[in-house]
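Reviewing the structure listed below.
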Amino acid sequence: MTSIDLIRLHRMALPLIKPFRTSMAVETHRDLYLVEAVTDSGISGWGECVSMDWPGYTHEYTDGAWDVTLEFLLPRLAEVRHDPNPEAVRRKLEEVKGNEMARTAVSTAVLDAWLREQGRSLGDFLGANKPAVDAGVSVGIPEHETIDELLEEVSGYVDAGYKRIKLKIQPGWDLEPIRAVRASWPTIPLQVDANQAYERSDVRHLQSFDEFGMLLIEQPLPEYDWVGHVEIAAACDTPICLDESILSLGHTEAALDFKAADIINIKPARVGGLLESVDIHDMCLERGIPVWCGGMLETGIGRAANVALAAMPGFTLPGDTSASARYFAVDITEPFVLENGQLRVPTGPGIGVDPIPAYLEELTSEVAEIEFSN
Ligand code: OSB
Ligand code: MG
């Protein structure tokens with residue numbers, strides 16, 4: 001039986017090929033850490049903490065996630081480390097409220113190690129039924145907010161083969177860019193993401209997006225505004241998708257019961273892990289609600305898990321699962337590449353990819369090593 005003997009946290013900041021600007025922030029680097037879970041037979045499993053360096057997307061941020069991991073998560077993991085089956089690890093880590101991204105990084109590393117010990121792939125464990133998944137791409141607000149910059153960037157993605165375009169929007173950067181992209185690519189699947197930038201009183205304005213025939217509007221209102229999302233979902237023909245509001249299966253059930261969402265964005269790290277993601281997927285599949293896999297500008301480690309998840313049957317819309325080259329000049333793993341607009345689901349044991357040792361060493365700025373003694 002596998003036991004987890006050692007955890008290492010590897011902190012690094014990966015430069016993005018270009019700044020990623022949203023209604024909430026401009027990201028120039030991915031400030032992250034990888035969790036390495038080492039078994040008694042010396043096999044390493046990997047997870048990525050996808051929080052940003054400040055609490056602008058959710059409450060989590062990388063220094064805080066690192067701290068909560070050392071202070072609260074690893075002591076709990078120690079209690080189940082001699083039989084680290086995924087459900088037991090999940091329940092134990094759930095004693096810590098919130099901190100979904102921190103929990104996901106630990107539970108995914110342990111799950112990866114546990115699967116590698118069995119020689120079983122994550123895709124197989126999750127019930128993935130596709131060898132590859134359609135790739136969408138999330139397009140930030142251009143630096144100078146000009147339509148020319150935007151069309152140039154989008155045209156690069158369309159030429160590369162991306163199957164769906166998502167535009168980041170905010171008040172003052174919405175109708176004009178949406179209209180311009182729609183005019184240039186009349187049939188491409190198109191959606192927008194506001195990252196909570198609108199208010200309930202913007203309902204008529206959001207309704208005016210209906211003429212563009214988009215797949216969805218993602219998270220128009222603040223995370224907590226269930227009633228506002230109900231009003232907007234009722235008023236707009238364009239489906240409403242929730243991202244930041246959905247932090248668990250319970251949040252999903254509430255959103256669907258209230259009719260606050262027509263579509264759910266599942267990000268494993270935002271909902272507290274892959275098992276919670278599967279539960280959300282299953283509930284949505286049963287209720288006929290489409291889901292898609294969101295992204296957090298992950299390295300190949302986080303991306304591998306997302307791609308396996310996105311290969312489950314209910315993921316019927318293309319995800320923010322883009323190729324490594326959309327984010328990084330050099331990824332920490334072998335790069336994920338676009339093939340006919342798709343990313344291949346890794347088939348090796350566990351998440352199926354590893355950090356390249358030389359890159360890991362070169363990029364890592366700090367390591368914390370915890371050897372269990374119980
Ligand atoms: O709202 O989906 C979001 C990135 C960081 C934080 C929040 C979001 C995003 C993205 C990028 O949209 C998706 C990706 O390509 O990883
Ligand atoms: Mg979003």
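Rule-based calculations on the coordinates, nothing more; no lab input. What you are looking at is a predicted structure, and each value in this text was computed from that prediction instead of being measured. Every residue, glycine among them, receives a Cβ derived from its backbone with ideal geometry; neighbour counts consider all protein chains shown.
Alpha carbon centre of the stretch 1-55 versus the stretch 129-151: separation in Å?
Taking the Cα centre of each part, the stretch 1-55 and the stretch 129-151 sit 23 Å apart.
Hey, got the dipole for the stretch 124-344? About the Cα centre, +1 on K and R Cβ, -1 on D and E Cβ, debye to the nearest 20?
Numbers: 16 positive and 35 negative charges, 94 e Å.
Result for the stretch 124-344 is approximately 460 debye, rounded to the nearest 20.
How large is the dipole of the stretch 331-374 about the Cα centre if only Lys and Arg carry +1 and Asp and Glu carry -1, each at its Cβ, rounded to the nearest 20 debye? Intermediate values should be presented prior to the final figure.
Details: 1 positive and 9 negative charges, 62 e Å.
The calculation lands at about 300 debye.
Highest mean first, what order results for 260-271, 192-203, 301-312 on Cβ atoms within 10 Å?
Numbers: 260-271: 25.5, 192-203: 19.5, 301-312: 27.7.
Peptide ranking by packing, descending: 301-312, 260-271, 192-203.
Compute the distance from the alpha-carbon center of the stretch 292-349 to that of the stretch 89-120, in whole Å.
19
Please give the calculated 222 nm ellipticity per residue for the chain, where each DSSP H segment of at least 4 residues contributes -39500 (n - 2.57) and the sum is spread over every residue; nearest 500 deg cm²/dmol? Intermediate values should be presented prior to the final figure.
On the way: 14 runs with 131 residues, N = 374.
For the chain, the value works out to -10000 deg cm²/dmol.
Any of LYS168/LYS259; LYS18/LYS92; LYS166/LYS259; LYS92/LYS163; LYS168/LYS267 with alpha carbons more than 28 Å apart? Name them for me. Walk me through the intermediate numbers first.
Numbers: LYS168/LYS259 24 Å; LYS18/LYS92 39 Å; LYS166/LYS259 23 Å; LYS92/LYS163 39 Å; LYS168/LYS267 17 Å.
Listed pairs above 28 Å: LYS18/LYS92; LYS92/LYS163.
Lys/Arg Cβ at +1, Asp/Glu Cβ at -1, dipole of the stretch 124-344 taken about the Cα centre: which of SER322, ILE141, LEU285 is farthest positive-ward?
LEU285
Want the number for LEU6 to LYS18: 0.36 nm per residue separation, take away the alpha-carbon distance, what's left? Display every interim value, and only then the final one.
Numbers: separation 12, 0.36 × 12 = 4.32 nm, distance 3.58 nm.
Gain in length upon complete extension: 0.7 nm.
What percent antiparallel are the DSSP beta bridges of the chain, to the nearest 5? List each step's numbers first, then the result.
Values: 31 of 52 bridges.
The antiparallel fraction comes to roughly 60 percent.
Using Cα springs under 10 Å in a Gaussian network model of the chain, which residue among SER245, SER184, SER51 shows the largest mean-square fluctuation?
Highest fluctuation of the listed residues: SER184.
Taking +1 at the Cβ of each Lys and Arg and -1 at the Cβ of each Asp and Glu, which of ALA65, GLY127, LEU111 sits farthest along the dipole of the stretch 13-139 towards its positive end, judged by Cα position relative to the Cα centre?
Of the options given, the answer is GLY127.
How big is the antiparallel share of DSSP beta bridges in the stretch 124-344, given as a percent to the nearest 5?
Numbers: 5 of 25 bridges.
So the antiparallel bridges in the stretch 124-344 amount to around 20 percent.
Remind me, relative contact order of the stretch 124-344 in percent, using alpha carbon pairs under 8 angstrom and six or more residues apart?
Working: 410 pairs, mean separation 50.4, N = 221.
Answer for the stretch 124-344 is 23 percent.
Within 10 Å of each candidate Cβ there may be at most 15 other Cβ atoms; applying that plus a DSSP loop requirement, which GluC sites (Glu not before Pro) in the stretch 271-331 survive? Write down the numbers at each step before the final one.
On the way: sites: GLU276, GLU286, GLU298; in loops: GLU298.
When the GluC sites (Glu not before Pro) of the stretch 271-331 are filtered for loop state and at most 15 Cβ neighbours within 10 Å, nothing remains.
With +1 on each Lys and Arg Cβ and -1 on each Asp and Glu Cβ, and nothing else charged, work out how big the dipole of the chain is about its Cα centre, in Debye to the nearest 20. It would help to have the intermediate numbers written out before the result.
Working: 30 positive and 60 negative charges, 142 e Å.
Dipole magnitude for the chain comes out near 680 debye.
Report the Cα centroid-to-centroid distance between the stretch 163-197 and the stretch 253-282 in angstrom, as an integer.
Rounded to whole Å, the Cα centres lie 24 Å apart.
At a Förster distance of 22 Å, what's the computed FRET efficiency of HIS29 paired with ALA325, Cβ-Cβ distance as r, to 0.05?
Working: r = 17 Å, r/R0 = 0.76.
After rounding, the FRET efficiency stands at 0.85.
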